[in-house]
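The values are calculated or read from the model by the stated rules, or taken from the named source; none is laboratory data. Not measured: the values here are computed from a predicted model. Please note: Cβ atoms are built from the backbone with ideal geometry, for glycine as well, and neighbour counts cover all protein chains shown.
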C-alpha cells in the first residue's frame, strides 16, 4: 500500500511538471507569447521546485510522527517547515528572475501592485499566495495519507473479521463432528449384536464418511456433489438400521452444478436430526429428503414424522450450530424455515449455490 502511495505522488508531481511545457505551448499558439524557450520552462520549473521540496520534507520528516501518534512533534516540524518556506518566499527566493533581489516589478505589472490606493483593501501579494499554496500542498499530502490509511485500516479490519470467521467456523465444526459421529457409532454398535453382516456394511459406509470429512471437511464449504454423496452414505447407513418400518426417501438432483458449494456436514446434520427425532418403533415413521439447485440457489427439504417425547424440544447441538454457520457464511442471503406440528417436522433451506469461498 505504501508503494501505491509513492506512485501516486510521483504521478501527480510528474503531471505538474509535464503540464508546464504544454501550457506554455498553448500560450505561444494563442499569440500571448512570441516563442517558447527552454529558459522559460526552466524558470517555471524553478518556481515549482520549492513546493516539491516542501512536500518531500513534510512527507518524510513530519508525517512519520503522525503514524507514531506523536501529534506535538508533528506540529512542531510542520510549523517549522512552513515558517522556513514563508521566509524564503518573502525574501524573494521564489520570485521570477526580474523580481529577485527586490527590484522593481516588470513594466507590464500595474504600478503600485504591492500597495493599495488609500481607502481600498490591500490585494493578496504573490508571496502570500505562495505561502497559501504551500499550506495547501501540506494539506493535500495529509489528505492522501488519510485516504490510504483508511484503506489500510479497512483491509486490516477485513482480515481480522475473516480470521474471526474462520475461528468461529472451526469451533462450530469441532462441536458438530464429534456429536455427529458419536451418534453414528452408537447406531453401528446397535447393529453388532442384531445383525453382524449389516454392522460390517455400516463400518464400510462409515469409513467413506470419515474419508470425506478428513480430506474435504475442513474447508468452510464443500462441493454440493460431495455433500450429497456424504448424505447418501449416511442415509444408507440409517437404512441398514431401520430396514422395514421407516419410509426413507432421498431425492437428489442428478445434474448438480460442479461449482455449487455448501458448508460440510450441513445437510447430513439435518438428516441426523430427522432420524434421531422422527423414528419411532411403535408408530409409523417417515423421512423424506430432497436436494436440488434452482436459480442459483441450493434448495434442501427434509420432512419427517414427529413423535412427541420428553426431549422433543431439544433438537441437539447440530441445529443451533447450523444456524450460526449459515449466519457466518451467508448473512441475510439464505432462508431457513422450520414448521412443526404434532406429527410432522418440516425443514426448508435455501442458500446461495455459488457463494465465494471464505
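One table, with the values for the structure above:
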item	result
The stretch 202-229 residues that are within 19 Å of residue 252 (Cβ to Cβ), paired with ones that are part of a helix (DSSP H, G or I) and at pLDDT below 80 (beta carbon under 6 Å, 6 or more apart)	205/237; 222/216; 226/216
Residue in the stretch 222-234 that is farther than 19 Å from residue 321 by Cβ, within 35 Å of the chain's Cα centre (by Cα) and assigned to a strand (DSSP E or B) present	yes
Hey, residue 249 under 26 Å from residue 189 (Cβ atoms), at pLDDT 85 or above and in the same structural domain as residue 299 (by TED's automatic domain parsing) or not	no
Which numbered condition residue 249 misses (of (1) touching a helix residue (DSSP H, G or I) at 6+ places or on another chain (Cβ under 7 Å); (2) within 19 Å of residue 280 (Cα to Cα))	(1)
Selection count where residues are at positive phi and buried (at least 21 other Cβ atoms within 10 Å of the Cβ), scope the stretch 273-301	0
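Residues are listed down the side, and each one gets a yes or a no for (1) assigned to a loop (DSSP other than H, G, I, E, B); (2) surrounded by 15 or more Cβ atoms within 10 Å (Cβ to Cβ); (3) modelled with pLDDT of 90 or more:
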{"site": "24", "(1), (2), (3)": "no, yes, no"}
{"site": "27", "(1), (2), (3)": "no, no, no"}
{"site": "34", "(1), (2), (3)": "yes, no, no"}
{"site": "40", "(1), (2), (3)": "no, yes, no"}
{"site": "46", "(1), (2), (3)": "no, no, no"}
{"site": "69", "(1), (2), (3)": "yes, no, no"}
{"site": "82", "(1), (2), (3)": "no, yes, yes"}
{"site": "88", "(1), (2), (3)": "no, yes, no"}
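Residue-wise test of (1) buried (at least 18 other Cβ atoms within 10 Å of the Cβ); (2) farther than 24 Å from residue 347 by Cα; (3) in contact with a strand residue (DSSP E or B) (Cβ under 7 Å, 6 or more places away or on another chain); (4) modelled with pLDDT under 85.
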| residue | (1), (2), (3), (4) |
| --- | --- |
| 188 | yes, yes, no, yes |
| 191 | yes, yes, no, yes |
| 199 | yes, yes, no, yes |
| 220 | yes, no, no, yes |
| 223 | yes, no, yes, no |
| 268 | yes, no, no, yes |
